[in-house]
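S.K.: Questions regarding the structure given below will be posed in turn.
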Amino acid sequence: MSIILGIESSCDETSAAICIDGKIRSNIIANQTIHEKFGGVVPELASRAHQQNIIPAVQQAIREAKIHKNDIDAVAFTRGPGLLGALLVGASFAKAFTLARNIPLIEVNHMQAHILAHFIEEPIPVFPFLCLTVSGGHTQLVLVKDYFDMELLGQTLDDAAGEAFDKTAKILGLPYPGGPLIDKYAQQGNESAFQFPEPQIPGLNFSFSGLKTSILYFVQQKEREQPGFLQSHLSDICASVQSRIVSILLNKLKRAAKKTGVRDVAIAGGVSANSGLRNGLLTMGEEQGWQVFIPRFEYCTDNAAMIAIAGHYKYLARDFVGQDVAPLAKWTM
Ligand code: KG4
Ligand code: ZN
């Protein structure tokens, strides 16, 4: 039997989870609302909020899992990539806890953990599978050969998909983080109302910065011609933008599936909470004869359950690190 405490603090969610023998028993997520008024995550404020939230989050995770802190066999923490100051809080906690109790410390790559979130609940994909990982900081097409053997097939050359959602939301005057709001408005809009360009990027890489600029120019021009246009067409704009971002993502996914011949296809990361992407993937999966894997909402955005499950597999492999481990703002898988 193994009991793993997972800690996630790479951005603006402080999270703690308990995994017992590969099953998640608790997953506590403390959201930081302090960043809303700044229109984006303020790194220094994120670090301070992590410091306030981490002990209560761990205590609650232990309570909900109905265990005692002495029962924990190892602590898995996000080493990177992420905001350095934010990562330091989780890393320091994990190091202190394991040092005091003399138990193993496990480092986890946040991007790998988003993918391993697929092993929390049935149905579980079969290796090798393709995963489109789309978050606020990354957009990656990954061939997953084993738990920790992942090949990066393509990635964004500029903005991440989540950034494209959030920056568009800012242009449209919506508060941060705008991704979920665009999703909400899009559900009442017509996705064919406006046509935004699809970038012509060769291979399996992505680009979103041109799209963002075209949306900015579109909104500025329409407002000049027709003041109040943005407000009266908000849902249609959101639906059209969302549909373009989703088509950019899914077209590359289709290309990757053709190239690799892999038929188990998954999505992961915060943007996989997007209803347009979820529905689009289901439709494409039916057309292409894929087995499609979409995590539950709670395991799409940042959470410690995915860190704990990654920790579980590393614990089985006895893959531990020493107290000299330092967080990494950038860390390729
Ligand atoms: O994985 P995540 O929680 O944090 C990072 O590691 O970045 O992803 C956060 C991103 C944000 O850009 C947020 O706007 C986006 O995921 N997001 C969404 C939705 N829910 C979260 N984007 C579009 N539609 C959603 N429903
Ligand atoms: Zn993430």
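The values are calculated or read from the model by the stated rules, or taken from the named source; none is laboratory data. Given the structure is predicted, the values throughout are model-derived calculations rather than measurements. No Cβ is skipped: glycine too gets one built from the backbone with ideal geometry, and neighbour counts run over all protein chains shown. To get the accessible areas, we keep the full protein, side chains included, count just its heavy atoms, and leave off ligands, DNA and RNA. Shrake-Rupley method; radii C 1.70, N 1.55, O 1.52, S 1.80 Å.
S.K.: Expressed in nm², what is the orientationally averaged projection area of the convex hull enclosing the Cα positions of the range 240-333?
M.R.: Computing the convex hull of the Cα atoms and averaging its projections yields 8.3 nm².
S.K.: Anyone know which of Pro81, Pro227, Pro199 comes out most mobile in the 10 Å Cα GNM of the chain?
M.R.: Pro227
S.K.: While we're on this one: Report, to the nearest whole %, how much of the accessible area of the range 169-317 belongs to carbon and sulfur atoms, 1.4 Å probe, protein only.
M.R.: 50
S.K.: To two decimal places, what compactness ratio does the chain give when its Cα radius of gyration is scaled by 2.2 N^0.38 Å? Present the calculation step by step, with values, prior to reporting the outcome.
M.R.: On the way: Rg = 20.2 Å, N = 333, 2.2 N^0.38 = 20.0 Å.
Normalised Rg, Cα atoms only: 1.01.
S.K.: In nm, what is the difference between 0.36 nm times the number of residues separating Arg263 and Leu99 and their Cα-Cα distance?
M.R.: Numbers: separation 164, 0.36 × 164 = 59.04 nm, distance 4.38 nm.
Working it through step by step, the gained length comes to 54.7 nm.
S.K.: Which GluC sites (Glu not before Pro) does the range 220-286 hold that lie in a coil by DSSP with at most 14 other beta carbons within 10 Å?
M.R.: Qualifying residues, ordered by number: none.
S.K.: By how many nm would the segment from Arg318 to Leu152 grow when fully extended, if each residue of separation counts as 0.36 nm and the alpha-carbon distance is taken off?
M.R.: Values: separation 166, 0.36 × 166 = 59.76 nm, distance 2.49 nm.
Gain in length upon complete extension: 57.3 nm.
S.K.: Using the Cα centre as the reference, give the magnitude of the dipole from point charges on the C-beta atoms of the range 125-295 (Lys, Arg: +1; Asp, Glu: -1; all else neutral), rounded to the nearest 20 debye.
M.R.: On the way: 15 positive and 16 negative charges, 33 e Å.
Computed about the Cα centre, the dipole is about 160 debye.
S.K.: Continuing with the same structure: How far, in degrees from 0 to 90, does helix 161-171 lean away from the longest principal axis of the Cα atoms of the chain, to the nearest 10?
M.R.: Roughly 50 degrees between the two axes.
S.K.: Ranked from the most accessible area to the least, with a 1.4 Å probe and all protein chains present, what is the order of Lys69, Lys23?
M.R.: Numbers: Lys69 95, Lys23 120 Å².
Largest accessible area first, the list is Lys23, Lys69.
S.K.: Is there a quick way to get the dipole size of the chain? I mean about its Cα centre, with the Cβ of Lys and Arg at +1 and of Asp and Glu at -1; what is the value in debye to the nearest 20?
M.R.: 140
S.K.: What distance in nm separates the two pseudo spin-label positions at Leu230 and Lys23, each 7 Å out from Cα along the beta-carbon direction?
M.R.: 5.1
S.K.: Still on this structure: Quick one: what does P(r) look like for the range 125-295 with 10 Å bins over all Cα pairs, in whole %?
M.R.: Histogram of Cα-Cα distances, whole percents per bin: 10, 40, 32, 14, 3, 0.
S.K.: Rounding to the nearest 20 debye, state how big the charge dipole of the range 152-249 is about its Cα centre with +1 on each Lys and Arg Cβ and -1 on each Asp and Glu Cβ.
M.R.: Charge dipole, the range 152-249, about its Cα centre: 120 debye, nearest 20.
S.K.: Compute the angle between helix 43-64 and the longest alpha-carbon principal axis of the chain, please, reported from 0 to 90 degrees and rounded to the nearest 10.
M.R.: Value to nearest ten degrees: 60.
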